[in-house]
Amino acid sequence: MTTRREFISKTAFVAGLMPFASFPFSNLFDEEYSDILDVNIFSKHLQFLDYKTTGEIAAEMGFSGVDLTVRPGGHVLPENVKTDLPIAVNAIRKSGINCTMITTAIESTNNPLDIDILQTAAANKITYYRPNWYKYKEGQSMEDALLYYQEEIRKLGMLNKELGLIGCYQNVDGTVVGSSFWEVKKIIETVDPKYFGSQYDIRHAMVEGGNSWQNGLQLLEPNIKTIVLKDFKWGKVNGKWEAINVPVGEGMVDFDKYFKLLKHYKLKPPVSLHIEYDLGGAEQGKQKITVDKKIVFDAIKRDLKSVQKLWKEA
């Protein structure tokens, strides 16, 4: 029998190879693990824990790794990245799981702090990073803004190639760049696709795209490097309709169809699991939460179990 830790080591190694492979991801997995996703917990929801405990709890819950927040208010502060990121990554990996994903506020190669983060990430064998969402500027047309950000991403891609990193721009609901699938497609149009692509978020895709999320998936499919999983439903809050975050499988996200399509496209990218329904502040990345830690851990474990069950059954 293969132990959980041995399996995690296998999937961590395979996950590192995936982005550079010229053959389908599924070919890298033996039959024993074909029904298991490589799921990383978004560390935003564990920011009330130190690095060591984050790794230990994530491993205990059954995650293969941690998607570490390296941004203002995150687990690792950008100004401390050179000293704190190596400490955080080593502490997490000592728990027997991987740390190949980080979430950042990176925007430009013209920012020395952004360069520090990327160089430090590369030195610590991080593979994927999510940059910040770009915003439209007042007085500038949307078309010109997209061309400007396209150039910023092209330059980031060139640096990624030097460092061996992969940037992943997340589609998001709202009015920032990336609420439309076509905006994401446009800004990554000129970058080397080996080193910069999409982080596909099915929750945001369904909020913004309704039934057209399938078109968005087809559009971005060749560029998907990582994915985000979470769920929602529409409801009224103080008389206003809003997208309300709920546990995985309890909302409107059609995980069965989504997972079937991923399998059809032979996509099995690393997952960042987000837990954004009410958990005493853990959902917001608070360092002090108002509920017992066990409530948070139990909720996260339930979502992880639901994800693996839904993937297996799709």
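Tabulated results
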quantity	calculated
The range 171-228: proportion of alpha-carbon pairs further apart than 12 angstrom, %	61 percent
Heavy-atom accessible area order for Tyr200, Tyr136, largest first, 1.4 Å probe	Tyr136, Tyr200
Net charge of Cβ neighbours under 11 Å - reference Met252; Lys, Arg +1; Asp, Glu -1	-1
Sequence ranges 138-144, 111-117, ranked by mean other-Cβ count within 10 angstrom, highest first	111-117, 138-144
Label-reachable residues, the range 285-314, where backbone N falls under 17 Å from a point 7 Å from Gln214's Cα toward its Cβ	314
Added length on full extension, which subtracts the Cα-Cα distance from 0.36 nm per residue, Glu221 to Trp234	2.0 nm
Farthest toward positive dipole pole in the range 123-263 [+1 Lys/Arg, -1 Asp/Glu at C-beta], among Gly164, Tyr149, Asn132	Gly164
Spin-label zone in the range 182-197 - amide nitrogen under 18 Å from a point set 7 Å from the Cα of Ser108 along the C-beta vector	187-188
From the C-alpha gyration tensor of the chain, square roots of 5λ in Å	26, 24, 22
Spacing of the two label points (7 Å from each Cα toward its C-beta) at Ile36 and Glu79, in nm	4.2 nm
Nearest-0.05 FRET efficiency for Gln140 and Arg302, computed from C-beta distance (R0 41 Å)	0.40
Length added when fully stretched, Trp133-Glu242, from 0.36 nm per residue minus Cα-Cα	37.1 nm
Approximate spin-label separation Glu189-Tyr265, in nm, with each point projected 7 Å along Cα-to-Cβ	2.0 nm
Cβ-derived FRET efficiency at R0 30 Å, Ala123 paired with Val176, nearest 0.05	0.50
Residues whose placed amide H lies under 5 Å from that of Val246, excluding near-sequence neighbours	Asp231, Phe232, Lys233
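The values are calculated or read from the model by the stated rules, or taken from the named source; none is laboratory data. Model, not experiment: these values are computed from the prediction. Positions of Cβ are backbone-derived with ideal geometry, glycine not excepted, and every protein chain shown enters the neighbour counts. What goes into the accessible areas is simple: the full protein's heavy atoms, side chains included, and nothing from ligands, DNA or RNA. Shrake-Rupley method; radii C 1.70, N 1.55, O 1.52, S 1.80 Å.
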